There are 2 protein chains.
Amino acid sequence: MIVFLNGNFLPEAEAFISINDRGFLLGDGLFETMRVVNGRPFRLAQHLERLTRGLDFLKIKLPFTPKELQKFATELIAKNKLTDSILRVAVSRGPGPRGYSVKNSGPPTVAMTLSPLPESNPDEPLQWTLVTSPFRVPASDALSSFKTSSKVLNVLARAEAEERGADEALLLNTNGEAAETAGGNLFWIYRDQICTVPTGRGVLPGITRAVVLEICQALGFETNKRVIKPEMLRSAEGIFITTSALGIVPVVAFDGEPVAPSPLVDQIATAYNEMLLRE
Amino acid sequence: MIVFLNGNFLPEAEAFISINDRGFLLGDGLFETMRVVNGRPFRLAQHLERLTRGLDFLKIKLPFTPKELQKFATELIAKNKLTDSILRVAVSRGPGPRGYSVKNSGPPTVAMTLSPLPESNPDEPLQWTLVTSPFRVPASDALSSFKTSSKVLNVLARAEAEERGADEALLLNTNGEAAETAGGNLFWIYRDQICTVPTGRGVLPGITRAVVLEICQALGFETNKRVIKPEMLRSAEGIFITTSALGIVPVVAFDGEPVAPSPLVDQIATAYNEMLLRE
């Protein structure tokens, strides 16, 4: 596997970062993950736009423009001949002296890697069981708008869910409302409305979340951004999770109770898969 | 400078970690920082004990025992001839496949580095100005007991304080109570009591915080663990911050208002410095 690091393409086994990189020491960075289809990263522009907003917020100045990052991504995909894969762009503030202060740090570290798609079987489509996590995200957090590299809470929530035999963790916010999942955004169906949590309540504004809201509009489905307590999720007529890496993932069980399959979720997933191929 | 990495001692410029290290990508790790005095890391046992509790919580299994880490630290200090310095121990879950799941990751990355002490002038002792940060920590957070590597909030709080011309940021928790500072624990003096915030409200149980509570007992000073709103801090008879790297740092201004110097803070700082040399 060839990876991109700070302007160079090199074998993964030779791609190293400094022991003093603030990404490694302090989670002081950002990342984006996206699906590559037919050699092109899906919704790359939106991902780079969110990354740029995050970089502005963190005051990290990249030595590359979004246009250059796009060119590097295309080159990386071609070099690896992985036209159907998952692309990750990781940026950190780079090496720095000891301590929290950002003074005298940098230049930023910019890394891009590709991963093959998870093995899939058309007879066994991806479906997840979801459990409510004991870990909570802050209900109001300036940082939740950005995909920072400080993700130990999400890591532990996912690990705890997997230990309980589930696939994914539902994170509540500090108000006790459903916020998002360890690795994605939450959607549910209630009275034929496609519902998701409004941003600004501990929710990352996911790119695939936005795509699903577009799709619902195109299909004429009513949408509703609303707050929900986890106990109310039990009466949902369908639940699904959106992630940029995996797309639409239907939830088949929530906290041990089966969730009925929803034809609406199937229609959204079909429209999403068509969009992946079309764009 | 020689550093320690995964069992080896090597020049800093040759010490690299994988581009797929989960510390770099997800802040999935822990660290400890401590003062080295006369060649010995101060309160190393307590730091390693907190690190071990954190590793247990994160389910990261180190290939070294605390005793071996202690031996490596001693060796590192000797190799660098830095008998008065700051030691940082950083641990991550190590390299892993894309995504939040901890499956198939590792072995952990273990790094130790030394930094020289900040330049000090006996005529100008270290003193800080403190400002209240717009960033807030969760009031109840299982993770705040551990010094994880997911510290982007602390980084941004410190940077924002520095932009305002201050030295350090006071972090409130989501209840609006004073919790800790970007890089240390908060103490204040009120009616001759030495006060600090109780743990379990978004507060890291700092090792130097514990040392100060010990010192107060030895000096016969009354202590009080209590919750405080930032506006009440203005009527404090003294404020100081504790960090393992810098010790006792008196606060000379809070939110732009001068804080009176306190003879009690001086006595605690003197006792702390004596303890550093004695242990």
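Computed values, structure above
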quantity	calculated
Test item: Cα-centred dipole of the range B:128-278, Lys/Arg +1 and Asp/Glu -1 on Cβ, debye	420
Segment B:Ser235-B:Asp192, length gained on full extension (0.36 nm per residue, minus Cα span)	14.2 nm
Relative contact order of the range A:1-131, pairs being alpha-carbon contacts under 8 Å that are 6 or more residues apart, as %	32
Relative contact order [Cα under 8 Å, 6+ residues apart], the range A:136-258, whole percent	25
Euclidean distance between Cα centres, the range B:26-52 to the range A:95-140, Å	26
FRET E, pair B:Val252, B:Ala218, Förster distance 22 Å, beta-carbon r, rounded to 0.05	0.25
Per-residue mean of C-beta atoms belonging to partner chains within 10 Å, peptide B:25-37	5
Three semi-axes of the equivalent ellipsoid, the range B:2-116, Cα gyration tensor, whole Å, largest first	25, 16, 11
Peptide-level mean, for B:140-150, of C-beta atoms on other protein chains within 10 Å	4
Cβ-Cβ FRET estimate between A:Asn104 and A:Lys225, R0 fixed at 51 Å, reported to 0.05	0.75
Average beta-carbon neighbours from other chains, 10 Å sphere, peptide B:88-96	2
Estimated [θ] at 222 nm from DSSP helical runs (n ≥ 4, -39500 (n - 2.57)) normalised by residues in the protein assembly as shown, nearest 500	-9000 deg cm²/dmol
The range B:128-278 - Debye-derived log10 I(q)/I(0), Cα point model, q = 0.11, 0.17, 0.18 Å⁻¹	-0.37, -0.93, -1.05
For the range B:193-272 and the range A:177-213, distance of Cα centres in Å	43
Cα-projected label distance for B:Gln70 with B:Ala45, points at 7 Å along beta-carbon direction, nm	0.7
Computed Kirkwood radius, in angstrom, where 1/r is averaged over Cα pairs of chain A	19.7
Ordering of A:209-222, B:29-42, B:217-230 by burial proxy (mean other Cβ atoms within 10 Å per residue, highest first)	B:29-42, A:209-222, B:217-230
Alpha-carbon gyration tensor eigenvalues x 5, square-rooted, for the protein assembly as shown, Å	43, 28, 20
Relative contact order [Cα under 8 Å, 6+ residues apart], chain A, whole percent	18
Size of charge dipole - the protein assembly as shown - debye, nearest 20, with Cβ of Lys, Arg +1 and Asp, Glu -1, no other charges	380
Distance histogram for the range B:174-236 (every C-alpha pair counted, 5 angstrom bins, percent rounded to whole numbers)	4, 18, 30, 25, 16, 6, 1
Cross-link table B:Lys71/B:Lys103; A:Lys151/B:Lys59; A:Lys67/A:Lys103; A:Lys81/B:Lys103; A:Lys147/B:Lys229, entries beyond 20 Å C-alpha to C-alpha	B:Lys71/B:Lys103; A:Lys67/A:Lys103; A:Lys81/B:Lys103; A:Lys147/B:Lys229
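Values quoted throughout were computed directly from the atomic coordinates according to the rules given, and no laboratory measurement underlies them. If you're wondering where the values come from, they're calculated on a predicted model, not measured in any experiment. Using ideal geometry, Cβ is built from the backbone for each residue, glycine included, and neighbour counts are taken over all protein chains shown.
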